[in-house]
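> If you scroll down you'll find the structure; I have some questions about it.
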Amino acid sequence: GDSWGIFAFLCAALCHLPAVPALNGTDELGAGQSIQKTYDLTRYLEHQLRTLAGTYLNYLGPPFNEPDFNPPRLARAERVPSATVDLELWRGLTDNARLAANYRAYSRLLCYLRGLDGQAGTAELRHSLGHFCSSLQGLVVSIAGVMSSLGYPLPAGTAAGPPAPAGTPATPNDFLKKMDDFWLLKELQTWLWRSAKDFNRLKKKVPPAVVTLRLEARGF
Amino acid sequence: FPLFPAADPAVISPQDPTLLIGSSLTATCTVSAGSRLRAQDLYWTLNGRRLPAASYAALGATTLSVALARLNGSKQQSGDNLVCHSRDGGILAGSCLYVGLPPEKPVNISCWSKNMKDLTCTWAPGTEGETFLHTNYTLKYKLRWYGRDNTCQEYHTAGPYSCHIPKDLALFTPYEIWVEASNRLGVAVSDVVMLDILDVVTTDPPADVHVSRVGDLEDQLSVRWSSPPALKDFLFQAKYQIQYRVEDSSEWKVVDDVGNQTSCRLAGLRPGTVYFVQVRCNPFGIYGSKRAGIWSDWSNPTAASTPRSERAAGGCEPKGGEQNSTLRRELKQFFGWVKKHAYGCSNLSIKLYDQWRVWLQKSHKARNQVGKDPF
């Protein structure tokens with residue numbers, strides 16, 4: 001009730017925290033758990049991706065499945081959001097910006113992943129792809145949950161939209177499509193590595209101090 | 001990673017061709033106008049392996065061709081990767097080669113209906129050559145004499161070449177069923193198979209399979225089960241089959257002439273042995289048809305053991321005679337002993353007998369410590 005709000009405000013003032021949005025006592029406790037869950041989900045997906053990527057690249061055939069394969073990144077491939085970012089820039093991201101970047105990236109990656117060859121290889125491969133997409137969808141929802149529990153609005157225009165933004169030509173030939181697929185999987189892998197660090201950072205920043213102070217206050 | 005401008009660095013021709021196994025191909029790689037590369041700066045790879053320079057030919061300053069003869073079926077269904085590289089290994093362009101055979105008529109269409117509710121069909125591809133290219137199979141069916149063509153939707157339910165029709169199946173009128181195969185090189189349609197759902201009915205394995213001993217009989221087990229519940233409202237005669245094996249063997253013995261009963265006694269078994277038993281059912285003569293149906297799966301194995309025989313290893317005497325023979329043996333030994341140790345019968349007394357019994361006990365103990373009694 002009111003007493004919690006006042007208490008939270010006092011804590012924010014004392015600890016120089018960013019403005020605490022009006023919320024009830026359970027929201028930030030919930031955010032902490034959601035962040036942990038999201039972190040766990042990124043590790044799980046990273047593990048799943050290793051197997052899926054191996055199988056899919058074998059389907060594309062050599063040289064795509066060779067360990068040191070490094071094809072040119074064509075301009076059209078830029079539509080896949082890149083996880084690579086300057087270190088200082090990354091450290092300086094606000095929580096909101098950090099979460100929004102993750103949310104936008106995975107929403108787009110999910111769309112492109114769903115557009116992967118529907119006839120690809122064996123029924124087993126198609127099944128693995130489908131399963132991975134479901135898990136990735138779960139990650140997107142999880143990130144949205146964290147954002148809303150911290151009071152941040154979801155980035156606009158990233159709801160399940162068309163696979164390619166208007167103006168991008170469809171891949172003109174099968175070989176270029178294979179290269180696109182390769183880079184999609186690579187970028188997905190990089191994002192999952194990065195997200196683990198993003199959520200680790202967020203874990204530390206969702207103030208546990210607020211949580212423990214509240215628990216002490218309960219003892220009054 | 002190097003970023004290329006929107007225009008491609010090179011163009012390959014033909015781009016993503018489809019070819020028959022055994023055919024030959026000459027491909028060209030033309031470097032784009034703005035590039036500083038020349039034909040002699042290029043080389044080719046196929047599926048990651050460098051192609052021999054002997055198969056190259058320069059067709060002008062900026063075009064290098066390669067000749068590929070007697071192509072084998074594609075290494076992967078996504079197409080063989082033919083790539084044009086610059087001298088330093090960089091990829092300039094690529095083309096996917098689809099090498100295979102047109103499909104042949106799918107064969108061996110076989111179908112079964114579970115409890116007359118659905119229909120599952122399997123088939124085999126006409127030739128192995130179809131596996132080099134992605135081949136699409138479509139199962140179609142229609143009621144004989146009327147009805148329109150229907151297409152099966154649920155594939156791969158019973159292996160890669162299978163389809164499942166879950167509902168809206170009619171009885172008493174035969175169906176015409178066929179499979180169409182198509183890939184990049186052509187289309188093929190199987191022969192039409194005609195069948196009546198009632199002739200291909202199978203059911204669930206029998207339920208509640210119980211295996212128990214028959215009193216103390218060491219070589220028999222009694223098996224009981226109930227008829228599969230799904231068909232209980234339908235007029236049919238069930239036929240059953242039992243198979244059983246010893247726990248540590250993989251050889252099943254089959255009992256074939258079980259007929260219509262829901263119990264059976266297995267005989268001639270080994271005493272003191274664990275047996276695994278399974279039962280399956282054939283819905284014979286549904287709605288008066290004279291035809292056999294299709295055997296169900298075997299029920300989950302049920303285990304039971306035959307009683308162990310009382311005659312343990314080595315024991316040959318019947319139970320009743322044991323005590324008598326022990327006494328007689330003892331007496332024989334006693335008289336022999338008396339002959340040796342007692343001169344004349346005057347010393348024969350109960351004391352002597354007791355002494356003897358004590359002696360007998362001591363020597364029995366010693367014998368047991370050394371090894372098993374030979375009896």
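> Any residue in the range A:31-49 that is closer than 17 Å to A:Leu99 by Cβ and among the small types (Gly, Ala, Ser) sitting within a Cβ distance under 8 Å of a residue that is open to solvent by 70 Å² or more (accessible area, probe 1.4 Å) and assigned to a helix (DSSP H, G or I)? List the pairs, counting only those 6 or more apart or interchain.
Going by the 8 Å Cβ cut-off, the qualifying pairs are A:Gly32/A:Pro208.
> Still on this structure, please answer the following. Say whether the condition of being assigned to a strand (DSSP E or B) and closer than 30 Å to B:Tyr175 by Cα is met by at least one residue in the range B:94-107.
Checked the range B:94-107: at least one residue is assigned to a strand (DSSP E or B) and closer than 30 Å to B:Tyr175 by Cα.
Residues checked against (1) more than 9 Å from chain A (Cβ to nearest Cβ); (2) modelled with pLDDT under 95; (3) open to solvent by 20 Å² or more (accessible area, probe 1.4 Å):
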| position | (1), (2), (3) |
| --- | --- |
| B:Arg50 | yes, no, yes |
| B:Tyr56 | yes, no, yes |
| B:Ala61 | yes, yes, yes |
| B:Val66 | yes, no, no |
| B:Arg70 | yes, no, yes |
| B:Asn81 | no, no, no |
| B:Arg87 | yes, yes, yes |
| B:Gly90 | no, yes, yes |
| B:Ser95 | no, no, no |
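> Still on this model: Scan the range B:93-121 for residues that are within 30 Å of B:Ile286 (Cβ to Cβ) and basic (Lys, Arg) and report the count.
Counting residues in the range B:93-121 that are within 30 Å of B:Ile286 (Cβ to Cβ) and basic (Lys, Arg) gives 2.
> Then there's this: How about the range B:113-160: which of its residues are surrounded by 20 or more Cβ atoms within 10 Å (Cβ to Cβ) and among the hydroxyl-bearing types (Ser, Thr, Tyr)?
B:Ser113, B:Thr120, B:Thr135, B:Tyr137, B:Tyr141
> So, in the range B:13-35, how many residues would count as being among the hydrophobic types (A, V, I, L, M, F, W, C) and open to solvent by 30 Å² or more (accessible area, probe 1.4 Å)?
The total comes to 3.
> Further, regarding this structure: Taking only pairs six or more apart or across chains, which ones have beta-carbon atoms under 6 Å, a first residue in the range B:168-194 that is on the phi > 0 side of the Ramachandran plot, and a second residue that is modelled with pLDDT of 95 or more and open to solvent by less than 20 Å² (accessible area, probe 1.4 Å)?
none
> Then there is this: For the range B:148-174, name all the residues that are over 26 Å from the mean Cα position of the chain (by Cα) and either farther than 24 Å from B:Ser296 by Cβ or at pLDDT 95 or above (or both).
The answer is B:Arg148, B:Asp149, B:Asn150, B:Thr151, B:Thr173.
Matching residues to (1) under 30 Å from B:Pro102 (Cα atoms); (2) in a loop (DSSP other than H, G, I, E, B):
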site	(1), (2)
B:Asp8	no, yes
B:Gly34	no, yes
B:Leu64	no, no
B:Arg70	yes, yes
B:Gly73	yes, yes
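> Still on this structure, please answer the following. Anything in the range B:166-183 that is under 18 Å from B:Gln153 (Cα atoms), exposed (fewer than 12 other Cβ atoms within 10 Å of the Cβ) and out of contact with any Lys or Arg (no Cβ under 9 Å at 6 or more places or on another chain)? List them, or say none.
B:Asp168, B:Ala170
> Go through (1) among the hydroxyl-bearing types (Ser, Thr, Tyr); (2) under 20 Å from A:Ser34 (Cβ atoms); (3) open to solvent by 50 Å² or more (accessible area, probe 1.4 Å) for A:Ser82 and report which single condition fails.
It is condition (2) that A:Ser82 fails.
The values are calculated or read from the model by the stated rules, or taken from the named source; none is laboratory data. If you're wondering where the values come from, they're calculated on a predicted model, not measured in any experiment. For neighbour counting, all protein chains shown are included, and Cβ atoms are generated from backbone atoms with ideal geometry for every residue, glycine included. When the accessible area is computed, the model is the full protein with side chains, heavy atoms only, and any ligands, DNA or RNA have been set aside. Shrake-Rupley method; radii C 1.70, N 1.55, O 1.52, S 1.80 Å.
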